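Input: a single structure, listed below in C-alpha cells.
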Amino acid sequence: MEIYHISAECYPVAKVGGLADVVGALPKYLNKKGHQAKVVVPGYDNKFTNENQFEVVHNGKLKLGWFTFSYTVLKEATDKLGFGLYLIAIPELFDRPNVYSYEDDTERFTAFQIAFLNWLIESDQYPDILHCHDHHTGLIPFMVQNCYNYQRLAHIPTLITIHNGQYQGWFGFDKMHYLPNFELSRAGFIEWGGMINPLAAGIKSAWSVTTVSPSYLEEIMYAANGLENLLRYEREKCVGILNGIDNEVWNPKTDPMIPANYDLKTVKQGKQQNKEFLCEQFKLDPEKPLFTFIGRLVGEKGADLLPEIFNNSLREHYNEINILVLGSGDSHVENQLNSLKPHFEGNYNAYIGYNEKLSHIIYAGADFLLMPSRVEPCGLNQMYALRYGTIPIVRRTGGLKDTVVDFGDNGFGICHDQASVFDVNYSISRAVGLYDDKKRKKEIVDFILQIDHSWEKVAQEYLTIYNTLKHT
Ligand code: ADP
Ligand code: GLC
C-alpha cells in the first residue's frame, strides 16, 4: 500500500514536539512491514534543509485567493530516514527558520495543502491513503472531496490523526476565497462556531479519525475546545490508537547522544554515570534523587504550576533532592524558573531552550520525570522515560493514564489525579520514599526497561484501518 503522511512537523526534519516524533517514525515502521509510506512537509529554512541533498521532482504554481505562488517539490536524495521525504518549498511563505507562530500561518499552511494537492493531481499514480496530521493538514480531506480541481482524487481514502485538539487553525470566512472553488452548499463542512475551522473540516470530511490514545478519545467527547458535539456526532468513525516510540532512536544501549550506554544488566552504573555527567554540568549533587521536567512550558503541560511545585519540594526536602528543567515556552514561566536558581543553588537548575541532545541525556540520567499535564493527548516523554529506566510521575489524563500505573497498584510509576501543586508535591514526596527503598526502586527500574511501546507493534493498528478504508 502507498500512504502519504502530510504534516507540519517530522523528526529530524523539523520538530517542535511529539507530532514530529510520530511522523518521523510511523512511516518508517510501515515501510518495514513492506508498504510504501512517504512523508510530505513544508520546506523550512532550517538545519536539515540546508545540510541535506535533495532532487527537484516537481515545479508548480498555486493560487491563494488573488495571490499566485511558485513552489518546488524536493525529494530527499538518499532515503536515509527510512521513508521517502518530500519537502514542499514555497519560498515566500516557508523560507523561515521556525515551524509556527508567524502572523500568516493561515496563508502558509493553506498554501502548503493546496500545493500538495496540485502536485498530487498531476502525478501519474495516486496513493492508496492520505494520512493527515492535525489542523495544518485538516483541509485536505475536505478539498479532495469538494474542490472541482481535485475531483480525480475524491476516491482516495483520507484519515486525520488528532494529536492535539486544542489548536484548530481557525480563520474567518473573509479568507474562504483562499480555497480552490467548490460548490457553496458544501461550505458547512469547513465551518464550526461561525469560523472556518480546519480541524473540524478534517473531522467532518475524513473517512476516518484517530486520536493518539484511547483515553484522549473518551476525553474529547467532553472537552475538546469547542469540538465536543462534533466529535460525539462523528464518534463512529473515530478510533484511539496509542502512539508508539522509535526504539531505534530511543535506545539506551546504542544512543549516540548519551555519555554512557547501558542495558538491563548495566542500568545501575549506566544511569549513575549519565547522572554524574549532568550533575557536573548543572552543579547538582549526583548522590541525590534527580527529578526532571522536559517539555513545552505551556498551560496544557501544567508548566505554570512548576515554579511553586519546585519551591515547595525544594524546601520540604531541603538539600535532599535535585531538580533539573529543560523547556521553553511561556516567557513568564521561563523567568520564574530562572529566578529560582539563586535560591536553590546546588539542588536546582534550568536550561531554558530547546536541546535534543540534552533531552536524551536527561532521560538517561534522571531518576524521576514529572508530567503534571492538564491535557495530554498521548505524551511521548513518559514512554522515553520508561525506555531509559526513569520513573514517570504523571497526572492521570489522556495517554498518561493509558501508559503509567501507580506503583501502589502493583505498577511502576507515580500517579495523581489533579493538575495541582498539592498533588504533585505529594507525588514528589512519595518518590523520595521510593528512592530510599533501594530494592523496590531497582525492581521498578528493571521492569520499566523491558516495557515495549515500539511502533513495531502499533503500526499494525494503522494498517488495519488503512485496509478497511481501502476496501470500503
Ligand atoms: P508535545 O508534543 O505535546 O510537546 P510529547 O510528549 O508528545 O509532547 O513530545 C514532546 C517531544 O518534544 C519529546 O520528544 C520531548 O523530548 C521533546 N521536547 C520537548 N521540549 C523539549 C526541549 N526543550 N528540548 C528538547 N526536546 C524537547
Ligand atoms: C501532541 C500532544 C502529545 C502527543 C503528540 C504526538 O503534541 O500534545 O500529547 O504525544 O502530539 O502525538
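Here are the numbers for this structure:
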{"read-out": "Among residues of the stretch 447-462, those that are out of contact with any helix residue (DSSP H, G or I) (no Cβ under 7 Å at 6 or more places or on another chain) and of a type outside the set (S, T, Y), counted", "value": "7"}
{"read-out": "Members of the stretch 391-407 that are surrounded by fewer than 22 Cβ atoms within 10 Å (Cβ to Cβ), within 27 Å of V267 (Cα to Cα) and either in contact (Cβ under 8 Å) with a residue 12 or more places away in the chain or within 16 Å of ligand 2 (Cβ to nearest atom) (or both)", "value": "K401, D402, F407"}
{"read-out": "Hits in the stretch 378-396 (condition: in a loop (DSSP other than H, G, I, E, B), closer than 18 Å to L297 by Cβ and in contact with a Ser or Thr (Cβ under 9 Å, 6 or more places away or on another chain))", "value": "G379"}
{"read-out": "Any hit, the stretch 162-178, residues being β-branched (V, I, T) and within 16 Å of ligand 1 (Cβ to nearest atom)", "value": "yes"}
{"read-out": "Near pairs, Cβ below 7 angstrom, 6+ apart or cross-chain, from the stretch 367-384 (in the same structural domain as T397 (by TED's automatic domain parsing) and over 15 Å from F412 (Cα atoms)) to any residue that is assigned to a loop (DSSP other than H, G, I, E, B) and more than 11 Å from ligand 2 (Cβ to nearest atom)", "value": "P372/G302; P372/A419; S373/G302; S373/A419; R374/G302; R374/A419"}
{"read-out": "Subset of the stretch 164-184 (residues that are surrounded by fewer than 17 Cβ atoms within 10 Å (Cβ to Cβ) and either under 16 Å from W66 (Cβ atoms) or among the β-branched types (V, I, T) (or both))", "value": "D174, K175, M176, H177, N181"}
{"read-out": "Only one of E219, E191 that is buried (at least 16 other Cβ atoms within 10 Å of the Cβ) and in the same structural domain as K28 (by TED's automatic domain parsing)", "value": "E219"}
{"read-out": "Odd one out for K28 among (1) within 16 Å of ligand 2 (Cβ to nearest atom); (2) surrounded by fewer than 18 Cβ atoms within 10 Å (Cβ to Cβ)", "value": "(2)"}
{"read-out": "Tabulated pairs, the stretch 124-140, first touching a residue at least 60 places away in the same chain (Cβ under 8 Å), second of a type in the set (S, T, N, Q) and more than 16 Å from ligand 1 (Cβ to nearest atom), C-beta under 7 angstrom, 6+ apart or interchain", "value": "L130/T158; C132/T158; T137/Q113; L139/T110; L139/Q113; I140/Q113; I140/T158"}
{"read-out": "Meets criteria (aliphatic (A, V, I, L, M), touching a residue at least 60 places away in the same chain (Cβ under 8 Å) and within 16 Å of ligand 2 (Cβ to nearest atom)) for L227", "value": "yes"}
{"read-out": "Hits in the stretch 257-271 - residues which are part of a loop (DSSP other than H, G, I, E, B), buried (at least 18 other Cβ atoms within 10 Å of the Cβ) and not β-branched (V, I, T)", "value": "A260, Y262"}
{"read-out": "Test for I323: is it away from ligand 2 (no atom under 16 Å from the Cβ), part of a strand (DSSP E or B), over 30 Å from N225 (Cβ atoms) and assigned by TED's automatic domain parsing to the domain that holds I444", "value": "yes"}
{"read-out": "Of residues in the stretch 1-53 being in a strand (DSSP E or B) and within 24 Å of L297 (Cα to Cα), the one nearest to the chain's Cα centre (by Cα)", "value": "C10"}
{"read-out": "Whichever residue in the stretch 274-293 is in a loop (DSSP other than H, G, I, E, B) and more than 29 Å from the chain's Cα centre (by Cα) and, among such residues, is surrounded by the most Cβ atoms within 10 Å (Cβ to Cβ)", "value": "L284"}
{"read-out": "Residue match in the stretch 356-366 (condition: in contact with a Cys (Cβ under 7 Å, 6 or more places away or on another chain) and either more than 15 Å from ligand 2 (Cβ to nearest atom) or closer than 19 Å to S429 by Cα (or both))", "value": "no"}
{"read-out": "Search result, residues across the stretch 354-381 that are within 7 Å of ligand 1 (Cβ to nearest atom) and closer than 20 Å to I258 by Cβ", "value": "Y354, N355, E356, L358, S359, L380, N381"}
{"read-out": "Residues of the stretch 233-256 that turn out to be loosely packed, with under 14 Cβ neighbours inside 10 Å and either in contact with a Cys (Cβ under 7 Å, 6 or more places away or on another chain) or hydrophobic (A, V, I, L, M, F, W, C) (or both), as a count", "value": "0"}
{"read-out": "Matching residues, the stretch 41-61, being farther than 13 Å from D79 by Cα, away from ligand 2 (no atom under 16 Å from the Cβ) and not charged (D, E, K, R)", "value": "P42, G43, Y44, N46, F48, T49, N50, V56, V57, H58, N59, G60"}
{"read-out": "Matching option when the condition is within 29 Å of P180 (Cβ to Cβ), modelled with pLDDT of 95 or more, in the same structural domain as G84 (by TED's automatic domain parsing) and away from ligand 1 (no atom under 15 Å from the Cβ), among V13, V40, V23", "value": "V40"}
{"read-out": "Residue satisfying all of: in the stretch 294-316; surrounded by fewer than 19 Cβ atoms within 10 Å (Cβ to Cβ) and more than 16 Å from ligand 1 (Cβ to nearest atom); nearest to P372 (Cα to Cα) among these", "value": "E308"}
{"read-out": "Elements of type helices (runs of 4 or more DSSP H) contained in the stretch 185-256, each with 3 or more residues being within 30 Å of Q450 (Cβ to Cβ)", "value": "214-220"}
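The values are calculated or read from the model by the stated rules, or taken from the named source; none is laboratory data. Every value quoted in this text rests on a predicted model; they were computed, and no experiment measured them. Backbone-built Cβ (ideal geometry, glycine too); neighbour counts: all protein chains shown.
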